[in-house]
Ligand SMILES: C[S@@+](CC[C@H](N)C(=O)[O-])C[C@H]1O[C@@H](n2cnc3c(N)ncnc32)[C@H](O)[C@@H]1O
């Protein structure tokens with residue numbers, strides 16, 4: 001969304017108001033997303049969608065809970081998938097749950113910021129795979145989010161292939177029933193999870209007016225990145241108070257920052273860090289053993305090897321896509337992407353062969369659609385065709401190179417990512433992916449060089465367009481994450 005100077009001023013006021021209302025922090029490079037989100041929310045509530053009137057509305061005191069819910073639904077990033085950051089699940093079944101079950105009759109796990117349910121259902125499936133029926137019967141699993149839309153999706157428990165990008169086929173076959181191109185979770189797992197609305201910025205945490213307390217394990221992953229440090233500290237303090245005396249807090253490995261968890265003790269599990277309330281000294285020996293014997297790899301994108309699947313053939317439409325394409329702007333295509341119209345975009349772009357620079361943004365969206373549709377061969381064939389274009393840019397190369405890295409195609413990934421930094425020496429995310437690639441190739445010194453380049457670029461303060469591809473991270477979040485990768489290497 002293109003904003004003029006006057007709109008920028010208004011949207012910066014809206015950003016402050018949204019931070020006060022929902023805690024969500026929008027940096028300037030996400031003002032387009034913010035403008036789009038608030039206007040969509042205004043539209044859904046039958047209010048005027050012009051930005052000055054949206055600001056007037058938000059400035060009213062006492063917005064109703066239903067208005068806040070609609071705003072949250074349009075302003076949150078809900079990206080998630082099954083078995084994300086699996087190491088946390090390993091810790092749960094190897095240590096946390098056995099210890100808790102041996103000392104307590106009933107244990108409670110809370111998944112805070114659960115999005116469309118992939119995370120809590122992964123926890124449930126892992127518990128069913130590792131514990132007896134009667135042990136699982138002693139575990140309560142609560143999942144909460146601020147977005148009603150994702151909560152409804154979670155309750156319906158029907159998922160597309162993209163949610164399974166890290167799920168073994170055998171697990172999907174065991175717990176899901178196929179329906180057309182989708183999969184429905186079996187009732188036993190669905191019933192195991194209770195989904196509720198809860199705003200993590202609200203105070204205190206209650207469900208049906210009952211305080212949330214005596215929780216044994218809190219998963220809160222890929223949620224804190226959307227808040228500023230004071231809000232994060234307030235949330236982790238509330239988590240501390242909700243936890244039982246031996247409770248655990250499981251953040252994402254991309255959200256690690258000493259300053260966020262001052263009340264907690266660190267616990268190393270392999271190279272991963274989690275937090276708990278017990279005395280660190282009691283755990284020191286266990287931790288030392290873990291560090292010595294656990295895996296030493298860096299947290300990095302998982303290498304996903306997918307089965308070969310038949311290519312998605314663009315469907316024939318009555319009008320030629322060439323006729324449709326020029327009438328759409330880049331932001332309209334972005335809108336289609338956000339509403340999940342991946343196949344439609346792929347069909348449309350297939351017939352669109354203009355060579356103007358604006359197309360490259362659209363081609364990148366199309367690549368992301370191919371990735372979302374999950375058929376590796378289609379994605380690679382199409383992306384390789386685009387690479388032959390003269391105006392291919394660093395962002396397209398970054399998205400493609402990182403995808404190849406995730407597929408384990410290290411040589412091709414290296415070529416593509418190196419071309420990205422050759423074309424744009426300030427492309428921070430490409431340097432980070434090159435660092436991960438070097439780690440995969442067991443070349444720590446090269447990884448350090450690339451991570452160092454990324455830090456230098458962030459610190460140089462130059463205007464870097466990285467946020468779109470960094471799941472909404474701020475510059476500071478990204479810096480902390482890279483510093484964590486560096487710490488693990490040195
Ligand atoms: C990127 S998703 C992460 C989902 C899942 N935890 C995972 O790691 O895959 C972030 C989720 O946090 C939720 N969220 C954002 N702000 C929130 C708030 N103030 N209270 C509760 N949930 C919030 C969003 O609605 C979104 O579903």
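The values are calculated or read from the model by the stated rules, or taken from the named source; none is laboratory data. Quick caveat, the model's predicted, so the values are computed rather than measured. Cβ coordinates were reconstructed from backbone atoms using ideal geometry, including for glycine residues, and neighbour counts include every protein chain displayed.
Data table
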| quantity | calculated |
| --- | --- |
| Complete set of residues in the range 93-116 that are within 19 Å of residue 174 (Cβ to Cβ) and in contact with a strand residue (DSSP E or B) (Cβ under 7 Å, 6 or more places away or on another chain) | none |
| Subset of the range 86-108 [crowded, with 21+ Cβ neighbours inside 10 Å and within 13 Å of the ligand (Cβ to nearest atom)] | 88, 89 |
| Residue that is farthest from the ligand (Cβ to nearest atom) [pool: residues in the range 130-146 that are part of a helix (DSSP H, G or I) and in contact with a helix residue (DSSP H, G or I) (Cβ under 8 Å, 6 or more places away or on another chain)] | 135 |
| Residue check for residue 122: part of a helix (DSSP H, G or I), within 10 Å of the ligand (Cβ to nearest atom) and not assigned by TED's automatic domain parsing to the domain that holds residue 339 | yes |
| Pair list, Cβ under 6 Å, 6 or more apart: the range 426-439 residue closer than 12 Å to residue 402 by Cβ, other residue modelled with pLDDT under 85 | 429/466; 429/469; 436/300 |
